[in-house]
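The values are calculated or read from the model by the stated rules, or taken from the named source; none is laboratory data. Just so it is clear, the structure is predicted and the values come from calculations on it, not from any experiment. Neighbour counts run over all protein chains shown; Cβ positions are idealised from the backbone, glycine included. Accessible surface areas use protein heavy atoms only, side chains included; no ligands, DNA or RNA. Shrake-Rupley method; radii C 1.70, N 1.55, O 1.52, S 1.80 Å.
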Amino acid sequence: MTGPTTPTAHAYGARTPPWPRGVRAAVGRVLRAGVAVSAATLLAGYVVALVSDPGMFGSHAVEHGHLVARAVFPHSLAAIWDGIGRGRGEAIIVAGLLVLLLTPVAGLVAAAVAFARRRDWLFAAISATVLSVILGSFVIGWLA
Amino acid sequence: MNLAELSLVLFGTSVLAGALGSLLGLGGGFVIVPVLTLVFHLDIRLAIGTSIVAVAATSSAGAARNVTGSITNLRVATFLALATTVGAVTGALVSPLFDARVLFGLFGLILGASGVQMVRKHPLRLATAPGRLRAVKAPPVLEGASGPDETALALQAVSASSGSPGATGGGRLARRLALDSAYFDEAAGLEVPYVVAHTGLGLSLMYVAGMVSGLLGIGSGVLKVPAMDLAMNIPMKVSTATSNLLIGLTAAASAVVYLARGDIDPFLAGPVALGVLLGATVGSRFLVRIHSEHLRTLFLAALCVVAVQMLWKGIS
């Protein structure tokens with residue numbers, strides 16, 4: 001398969017897929033895997049919560065049109081990990097949400113790797129730059 | 001209402017939000033945030049945290065399907081992500097300096113203006129009018145199935161009618177980055193080639209869209225789609241599919257911050273995530289089949305809803 005930047009590819013540029021099929025397939029695979037793992041984790045969290053604390057789902061969540069405030073939920077990595085270890089449903093659900101939030105980033109990593117393997121250095125550099133901006137925002141977020 | 005009933009209501013709403021969001025390149029927050037804040041009087045902080053989860057779910061489930069086909073332009077998405085992610089970080093950093101109400105009002109006005117522009121530009125857009133595309137008499141071609149002749153013909157037709165965007169400076173940058181592409185439109189029954197224009201302007205608009213995301217905690221696909229459709233001359237379907245991929249990356253840049261701050265309640269975000277995943281998986285299947293004209297109408301309707309929400313927040 002010819003690279004997208006070759007003159008031949010450009011002469012028929014309108015027919016050139018946005019990326020070589022292999023790169024798009026790699027990104028698609030990672031996104032589908034992320035979605036599947038996240039959905040399975042979320043469902044598992046619900047099953048665990050239903051089995052361990054069925055009364056919670058019968059508790060009042062909305063009164064007079066207002067949501068009832070609930071206890072704090074795990075949101076640090078240590079608390080999530082600890083909660084999973086103790087078989088807490090909400091910790092497993094948060095883990096599933098974290099997988100979901102990181103899935104687009106995993107897709108970008110797959111793209112960067114696939115570009116580098118195809119020696120499309122310009123786009124490998126662009127995706128690596130985007131990745132470093134996102135990772136930088138994680139650091140800022142944890143410190144702030 | 002108990003927690004089980006609330007979960008079911010949120011799940012049902014989210015299926016709709018995910019289906020609409022994946023079609024229109026939006027995060028679905030425009031459906032979920034009003035339901036959470038107006039119906040259940042939820043604190044806006046938790047509503048935004050839940051909305052960010054919906055954005056990531058729409059993006060991943062929607063893009064998972066379309067990225068493998070020809071409809072998402074991944075080169076465009078990667079290149080524009082440079083501007084949206086930097087913009088999102090800038091927005092998050094400077095947000096304490098601005099009055100949120102002024103920002104919401106301003107954003108509402110920008111949306112109104114881009115809506116008016118989309119309506120005005122619509123009749124001129126050949127790439128989005130399947131009826132006129134058929135007049136080019138390019139036979140339905142499957143990817144890699146035919147020689148370059150028909151495509152070159154169709155490409156000439158597109159360039160001629162859209163004022164030859166390839167001749168502009170943006171066109172040169174687009175060529176250098178090999179952004180021009182084509183997608184197979186099932187509704188029109190043919191392959192639609194397109195030439196990307198005004199890449200620099202598009203990049204600037206994406207920076208603004210990213211900044212709005214960081215400032216207001218929204219996906220801002222509602223700005224990204226017009227930026228690609230209007231400024232960069234990218235067909236509507238490709239714009240929404242590409243926006244779909246972009247919003248996930250923009251959301252990821254702020255989502256971890258929200259999670260660490262404790263703004264994501266698992267029993268609100270859980271049913272929303274599952275519902276949106278289902279809705280977006282189903283909705284993205286229709287993107288190749290829907291007529292671009294219908295897609296544009298639907299998008300304009302959603303844009304009006306968001307614009308009214310934002311103006312209302314700016315006033316109240």
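Identify the residues of the range B:205-228 with backbone N under 15 Å of a label point that sits 7 angstrom from the Cα of residue B:44 along the Cα-to-Cβ direction, or state none.
Those under the cut-off are B:213-219.
Considering every pair of different Cα atoms, what Kirkwood radius, in Å, is found for the range B:1-111?
On the way: mean 1/r = 0.0623 Å⁻¹.
The Cα-based Kirkwood calculation yields 16.0 Å.
If amide hydrogens are placed 1.01 Å from N in the peptide plane, which non-local residues have theirs closer than 5 Å to the one on residue B:2?
Answer set, sorted by chain and number: A:61.
Does anything in the range B:14-56 have its amide N under 20 Å from the 7 Å Cα→Cβ label point of residue B:301, and if so which residues?
Those under the cut-off are B:14-35.
Would you please put B:9-18, A:127-136 in order of how densely packed they are, using the mean number of other Cβ atoms within 10 angstrom per residue and starting with the highest?
So the order, starting with the most tightly packed, is B:9-18, A:127-136.
Convert 25 °C to kelvin, take the viscosity as 0.890 mPa s, use the Kirkwood radius over C-alpha pairs of the range B:162-316 as Rh, and evaluate the Stokes-Einstein diffusion coefficient in µm²/s, rounded to a whole number.
Approximately 141 µm²/s, per Stokes-Einstein.
Roughly how much accessible area, to the nearest 100 Å², goes out of reach of solvent when A and B pair up, both sides summed, probe 1.4 Å?
Interface area, both chains combined: 6000 Å², rounded to the nearest 100.
So, R0 is 25 Å and r is the distance between the beta-carbons of residue B:176 and residue A:116; what FRET efficiency does that work out to, to 0.05?
Using R0 = 25 Å, I get an efficiency of 0.80.
Under a 1.4 angstrom probe, counting protein chains only, how are A:75, B:41 ranked by accessible area, largest first?
B:41, A:75
Enumerate the amide H contacts of residue B:192 below 5 Å, restricted to partners 5 or more residues apart or on another chain; note that Pro and chain-start residues carry no placed amide H.
Counting only residues 5 or more places away or on other chains, the set is B:183, B:184, B:185.
Between residue B:261 and residue B:93, what is 0.36 nm times their sequence separation minus the Cα-Cα distance? Round to one decimal in nm. If you can, show how the numbers build up before the last one.
Values: separation 168, 0.36 × 168 = 60.48 nm, distance 1.55 nm.
Taking residue B:261 through residue B:93 to full extension adds about 58.9 nm, to one decimal.
I'd like the residues of the range B:1-47 whose 1.4 Å-probe accessible area shrinks by no less than 40 Å² going from the isolated chain to the full set of protein chains.
B:1, B:2, B:3, B:40, B:41
For the range B:253-270, just list the computed ³J(HN,Hα) in residue order, Karplus coefficients 6.51, -1.76 and 1.60, θ = phi - 60°, integers in Hz, with x standing in for Gly and Pro.
Per residue, the Karplus-derived 3J(HN,Hα) values read 4, 10, 4, 5, 4, 4, 5, 5, 7, x, 8, 10, 7, x, 7, 9, 6, x Hz.
Which ³J(HN,Hα) values in Hz, rounded to whole numbers, follow from the phi angles of the range B:104-118 under the Karplus curve 6.51 cos²θ - 1.76 cosθ + 1.60, where θ = phi - 60° and Gly and Pro get x?
Rounded to whole hertz, the list is 4, x, 4, 4, x, 5, 4, 5, x, 5, 5, x, 4, 4, 5.
On alpha-carbon atoms, Rg over Rh for the range A:36-144 using Kirkwood Rh?
In the range A:36-144, Rg relative to Rh is 1.14.
Considering every residue in A:32-39, what mean count of other chain Cβ atoms within 10 Å of its Cβ is obtained? The partial results should precede the final answer.
On the way: counts 8, 1, 4, 10, 2, 0, 7, 7.
Counting other chains' Cβ atoms within 10 Å and averaging over A:32-39 gives 5.
In Å², what does the accessible area per residue of the range B:41-130 work out to with a 1.4 Å probe?
Value returned for the range B:41-130: 35 Å² of accessible area per residue.
Output ³J(HN,Hα) for the range B:189-202: one whole-Hz value per residue in order, computed from phi by the Karplus curve 6.51 cos²θ - 1.76 cosθ + 1.60 with θ = phi - 60°, and x for Gly and Pro.
Computed from phi, the couplings for the range B:189-202 are x, 8, 8, 10, x, 8, 10, 7, 10, 6, 4, x, 4, x Hz.
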